[in-house]
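The values are calculated or read from the model by the stated rules, or taken from the named source; none is laboratory data. Owing to the predicted nature of the structure, the values given are computational and were not obtained by experimental measurement. Cβ atoms come from the backbone with ideal geometry, glycine included; neighbour counts cover every protein chain shown.
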Amino acid sequence: MKDTYEPYVTEDGRQIGGVLMEMKNITLRFGGVVAIKDISFDIREGEIRAIIGPNGAGKSSMLNVISGFYHPQEGEVWFKGEKRKPMKPYQVAQQGVARTFQNIALFEGMSVLDNVMTGRLTHMKSNLLQQVMWWGGAEKEETANRERVEKIIDFLEIQHIRKTPVGRLPYGLKKRVELARALAAEPMLLLLDEPMAGMNVEEKEDMSRFILDVNDEFGTTIALIEHDMGVVMDLSDRVVVMDYGKKIGDGTPDEVRSNQDVIDAYLGVSHD
Amino acid sequence: MSTASAEHSALVSIPHLLARNMAQLPDKAAYREKEFGIWQSWTWSQSADEIRAIALGFLEIGVNKGDFIAVIGRNRPAMYWSMVAAQMVGAVPVPLYQDAVAEEMAYVLEHCGARFVVVGDQEQVDKVIEVQETVHGIEHIVYHDRRGMRKYDHTQMNALDDVQATGRAAHERFEAELEARWRALTYDDICVMLYTSGTTGRPKGVVLSNRNIIETSKNSSEFDHLRVDDEILAYLPMAWVGDFIFSIGQAYWNGFCVNCPESQDTMMTDLREIGPTYYFAPPRVFETQLTNVMIRMEDAGRLKKWLFDRFMAVAKRVGPAVLDGKSVSGMDRFKYWLGDLLVYGPLKNTLGFSRVRVGYTAGEAIGPEIFDFYRSLGINLKQLYGQTEASVFITQQKDNEVRPDTVGTQTPGVELRIAENGEVFYRSPGVFVEYFKNPESTASTKDADGWVATGDAGFIEEATGHLRIIDRAKDVGKMADGRLFAPKYVENKLKFFPNILEAVVFGNNRDYCTAFINIDLTAVGNWAERNNIAYASYQELAGHPRVLEIIQGHVEAVNESVAEDEMLSGCQIHRFLVLHKELDADDGELTRTRKVRRRIIEEKFDDLITALYDGSQTVSTVTEVTYEDGRKGSIKATLELRDVKTISAPSQMAAE
């Protein structure tokens with residue numbers, strides 16, 4: 001019954017399809033520490049899925065499991081209807097999963113354009129020699145990829161910093177560049193690790209608009225981790241709530257908001 | 001163009017000019033726009049094809065002759081095409097300021113009764129939808145950028161692409177009708193309606209005929225010898241009459257190319273890439289650029305700084321003379337040539353001014369230092385004086401007759417008259433038809449003989465025939481003791497300091513003058529950085545004691561200079577304060593063209609003005625602010641008031 005949900009259309013007219021990714025009974029341990037305890041949930045095609053929880057709840061670990069960086073000791077990850085074998089992060093990326101990082105992992109010395117171009121790596125076929133020699137379709141490929149990148153630069157409104165080294169940019173713009181690079185990979189599933197951490201209200205509003213637009217225009221499925229409850233509740237279709245490595249809630253923002261366990265986790269009750 | 005005058009009799013509208021350009025210059029670039037990092041370009045025949053498609057689409061969605069079509073968006077070819085397409089079907093384009101908030105738009109859309117609105121993107125669509133709650137005449141919204149638009153209810157909405165596609169598909173049905181409509185246009189039909197921002201009261205719709213626009217474009221093009229191979233960068237608001245004249249009137253008359261920047265923020269890069277030959281910017285743009293250059297030079301290495309200072313001194317001495325073709329000694333000529341090679345050339349290139357043949361500034365007075373700086377680099381920067389009601393041009397400076405303190409002599413075809421109270425009047429072929437639905441205002445501005453009151457006080461210099469503008473006629477007042485009060489004159493002097501962004505001077509019917517000052521965050525911020533002064537916000541920096549000291553120094557310098565002019569020596573500033581927020585058009589304190597709205601500021605900051613005149617040393621205040629999305633908030637501040645040294649009037653006092 002889990003595998004196929006009926007596709008439906010949201011109130012604002014977006015198509016939500018079947019299950020794209022499913023986590024089945026995931027447990028992740030680092031030595032004696034249990035970061036994730038027996039968690040199951042799914043991500044449906046076209047939806048914005050949030051994972052929230054207090055500090056140390058295991059959110060980032062979860063995202064790292066999805067992106068293939070961590071390999072859970074127990075449980076299965078299903079993607080596009082197939083069980084995923086243990087694979088390297090770059091193989092996961094080739095399957096159509098892209099991500100951004102909580103503490104920004106861009107090439108500081110390179111321009112915005114070059115940074116975003118690196119996101120196209122999985123789509124480039126010419127080898128190093130061809131690219132160095134600028135021969136055998138390398139030029140054509142570069143042009144096609146540049147075109148794609150320029151569309152994304154236009155989409156995220158960062159034309160004015162195209163040639164600026166990333167190191168010189170303010171924090172909010174770096175976040176946007178990171179999103180651009182992830183988008184350049186044309187992912188089916190986009191993972192955002194705290195896209196709004198450290199932003200002011202206006203930057204948060206901008207970022208929210210971009211996330212919604214990405215989802216709407218490109219139909220990209222988005223899974224995001226976020227601290228800011230207000231933003232999450234406005235943005236996402238469904239929310240998973242984690243606390244101390246366990247799933248304590250899962251459902252629409254309204255359902256989650258009225259869940260007593262969630263309220264306790266956020267307001268704080270004593271853990272015996 | 002040489003052929004232009006021969007055919008002139010037939011060129012009675014913009015669509016007629018388009019047809020001529022399509023026939024005579026089919027493969028010449030007409031429009032360029034940078035998109036996706038590349039300059040895309042359209043020839044005259046391609047542009048004509050796009051415009052036709054829009055026009056046919058307009059017919060398909062039911063645009064009637066005489067309808068008003070509002071156009072709201074940033075400068076993009078498609079927006080210009082929509083305006084010309086509107087003219088082709090006999091409708092009147094009404095460009096609006098794209099940064100106006102919904103309630104400002106509501107007034108204009110209601111007033112002109114627009115049935116159709118062409119907008120740039122989703123942001124503007126949202127505003128128009130908000131407006132539709134109160135304004136019910138809008139039948140159809142056409143938007144250009146599809147982004148984010150998929151979920152909208154499209155029963156009364158359409159993408160411009162789709163309008164063009166249906167237009168092209170329906171060309172069999174509408175071709176004859178379209179042909180008949182644009183061919184029927186006459187010299188006296190309405191070309192465009194532009195709303196003046198208005199420093200007081202509601203905006204007024206200025207109706208300009210084809211005659212106004214085409215005659216003006218023709219005269220001013222001849223005056224400056226504009227050519228078919230000129231290039232301009234269209235980046236100023238489309239709702240502003242200047243942009244309409246430059247980017248449509250003169251562009252279609254001469255057939256030159258209009259280049260549209262990629263986005264507002266990339267304007268400087270795009271300027272450099274295009275290297276326009278004909279350029280227009282308000283003083284503020286030149287000020288900002290100069291401030292940036294100076295800041296960069298402060299941070300530059302010692303050798304560069306030395307080269308810059310040395311050669312700028314040479315340029316200051318001989319540059320204007322070289323530009324005006326006056327005789328300069330061989331040694332100076334060599335030094336200037338060397339400077340051009342090492343400093344001026346690269347600098348002009350960085351600023352995007354390498355190819356500027358004719359450059360204009362207008363709208364506000366420009367600081368003499370700023371003006372001379374650009375001229376000394378060899379940029380032919382000139383001043384013009386104009387207004388919407390004149391289809392821009394009233395006076396212009398001739399090449400080789402350029403001075404910072406005048407606005408030049410009258411443009412060909414313009415007559416000037418100074419009334420007894422000093423107000424400037426003009427009459428020209430560019431004089432507007434009327435204010436839309438406002439005969440009282442029309443009558444009070446334009447008399448039966450076609451003379452128009454500018455509302456500015458000024459005089460014509462006898463020796464040269466140059467016009468000098470002192471101030472807005474209604475702002476010129478008397479102080480309590482009867483001395484002349486000309487606030488703008490003093491404000492301009494204050495604003496010439498890079499640290500001062502805006503100033504408002506009070507003193508009408510008062511014993512002495514006082515001022516509000518806005519600091520320039522870029523300049524003062526850079527100074528603070530260099531002097532290790534930490535600040536968390538605009539407000540904190542603006543209230544910093546050392547900033548106040550600097551501003552006090554500036555005010556005292558202005559007082560010295562004001563005191564030199566006998567007539568205006570009463571305008572010295574006795575007390576001032578630095579405002580805790582930037583004056584902003586969103587709060588109604590400035591017009592959209594960034595002119596100070598005196599009355600509104602007087603009302604809004606009444607408590608501060610009172611404090612300036614009751615002798616108190618500090619004042620606490622709460623100010624309402626409007627955010628860009630239209631929400632309101634408030635900021636609290638305690639401001640320090642400063643007394644300033646003034647120079648007492650010379651000995652004539654006794655004679656009074």
For this session: Looking only at the range B:65-74, decide whether some residue is touching a helix residue (DSSP H, G or I) at 6+ places or on another chain (Cβ under 8 Å), within 19 Å of B:Ser247 (Cα to Cα) and in a helix (DSSP H, G or I).
Result: no
Exercise. For the range A:119-164, which residues satisfy the criterion of being more than 23 Å from B:Glu33 (Cα to Cα) and either among the charged types (D, E, K, R) or surrounded by 15 or more Cβ atoms within 10 Å (Cβ to Cβ) (or both)?
Worked result: A:Gly119, A:Arg120, A:Thr122, A:Met124, A:Lys125, A:Ser126, A:Gln130, A:Gln131, A:Ala138, A:Glu139, A:Lys140, A:Glu141
Problem set entry | Answer residue from the range B:139-151, given it is touching a Gly at 6+ places or on another chain (Cβ under 9 Å) and part of a loop (DSSP other than H, G, I, E, B) and is farthest from A:Leu156 (Cα to Cα) among those | B:Glu139
For this session: Sort out which residues of the range B:167-208 are more than 16 Å from B:Phe432 (Cα to Cα) and among the aromatic types (Phe, Trp, Tyr), and write them in order of number.
Result: B:Phe174, B:Trp182
Exercise. Among the residues of the range A:14-34, is there at least one that is within 14 Å of chain B (Cβ to nearest Cβ), within 23 Å of A:Asp228 (Cβ to Cβ) and either within 20 Å of the chain's Cα centre (by Cα) or among the charged types (D, E, K, R) (or both)?
Worked result: yes
Exercise. Limited to the range A:106-141, what total is found for residues that are modelled with pLDDT of 85 or more and either more than 14 Å from chain B (Cβ to nearest Cβ) or part of a helix (DSSP H, G or I) (or both)?
Worked result: 14
For this session: Could you check, for the range B:576-584, whether at least one of its residues is out of contact with any strand residue (DSSP E or B) (no Cβ under 9 Å at 6 or more places or on another chain) and either touching a residue at least 12 places away in the same chain (Cβ under 8 Å) or at positive phi (or both)?
Result: no
For this session: Name, by its number, the condition in (1) in contact with a His (Cβ under 9 Å, 6 or more places away or on another chain); (2) crowded, with 17+ Cβ neighbours inside 10 Å; (3) acidic (Asp, Glu) that does not hold for B:Asp475.
Result: (1)
For this session: Could you tell me whether B:Tyr489 is hydroxyl-bearing (Ser, Thr, Tyr), in the same structural domain as B:Val547 (by TED's automatic domain parsing) and in contact (Cβ under 8 Å) with a residue 12 or more places away in the chain?
Result: yes
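Residue by residue, here is whether (1) among the aliphatic types (A, V, I, L, M); (2) more than 30 Å from B:Arg202 (Cβ to Cβ); (3) surrounded by fewer than 18 Cβ atoms within 10 Å (Cβ to Cβ) holds:
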{"residue": "B:Ala557", "(1), (2), (3)": "yes, yes, yes"}
{"residue": "B:Ile573", "(1), (2), (3)": "yes, yes, no"}
{"residue": "B:Arg592", "(1), (2), (3)": "no, no, no"}
{"residue": "B:Phe605", "(1), (2), (3)": "no, no, no"}
{"residue": "B:Asp614", "(1), (2), (3)": "no, yes, yes"}
{"residue": "B:Lys632", "(1), (2), (3)": "no, no, yes"}
For this session: Report whether or not B:Val94 is touching a strand residue (DSSP E or B) at 6+ places or on another chain (Cβ under 9 Å), within 18 Å of B:Ser247 (Cβ to Cβ) and aliphatic (A, V, I, L, M).
Result: yes
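Here is a yes/no grid of residues against (1) farther than 27 Å from B:Glu564 by Cα; (2) assigned to a strand (DSSP E or B); (3) at pLDDT 90 or above:
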site: B:Pro429; (1), (2), (3): yes, no, yes
site: B:Phe432; (1), (2), (3): yes, no, yes
site: B:Ala457; (1), (2), (3): no, yes, no
site: B:Arg468; (1), (2), (3): no, yes, no
site: B:Lys474; (1), (2), (3): no, no, no
site: B:Tyr489; (1), (2), (3): no, no, no
site: B:Phe497; (1), (2), (3): no, no, no
site: B:Asn508; (1), (2), (3): no, no, no
site: B:Phe516; (1), (2), (3): no, yes, yes
Problem set entry | B:Arg211 vs. criteria surrounded by 15 or more Cβ atoms within 10 Å (Cβ to Cβ) and out of contact with any helix residue (DSSP H, G or I) (no Cβ under 8 Å at 6 or more places or on another chain) | yes
For this session: Mind listing whichever residues of the range A:184-211 are more than 14 Å from chain B (Cβ to nearest Cβ) and part of a helix (DSSP H, G or I)?
Result: A:Met207
Problem set entry | Leading residue by the ranking (surrounded by the most Cβ atoms within 10 Å (Cβ to Cβ)) among those in the range A:70-109 that are of a type in the set (A, V, I, L, M) and without any contact (Cβ under 8 Å) to a residue 40 or more places away in the chain | A:Val92
Exercise. Is it the case that A:Leu191 is under 24 Å from A:Met124 (Cβ atoms) and modelled with pLDDT of 90 or more?
Worked result: yes
For this session: Search the range B:118-136 for residues that are outside any helix (DSSP H, G or I) and pair each with any residue that is surrounded by fewer than 16 Cβ atoms within 10 Å (Cβ to Cβ) when their beta-carbon atoms are under 8 Å apart and the residues are at least 6 apart or on different chains.
Result: B:Asp121/B:Arg147; B:Thr134/B:Glu110; B:Val135/B:Glu110
Seminar exercise, completed: Those residues of the range A:1-26 that are at pLDDT 80 or above and either outside any loop (DSSP other than H, G, I, E, B) or within 13 Å of A:Asp216 (Cα to Cα) (or both) come to a total of 9
Exercise. Got at least one residue in the range B:33-44 being within 17 Å of B:Gly255 (Cα to Cα) and within 14 Å of chain A (Cβ to nearest Cβ)?
Worked result: yes
Problem set entry | In the range A:142-173, the residues that are within 14 Å of another protein chain (Cβ to nearest Cβ) and aliphatic (A, V, I, L, M) | A:Ala144, A:Val149, A:Ile152, A:Ile153, A:Leu156, A:Ile158, A:Ile161, A:Leu169, A:Leu173
For this session: Considering only residues that are under 21 Å from B:Met149 (Cβ atoms) and polar (S, T, N, Q), look in the range A:212-235 and name the one that is nearest to the other protein chains (Cβ to nearest Cβ).
Result: A:Asn215
For this session: Would you be able to say whether some residue in the range B:189-210 is aromatic (Phe, Trp, Tyr) and either within 14 Å of chain A (Cβ to nearest Cβ) or over 21 Å from the mean Cα position of the chain (by Cα) (or both)?
Result: no
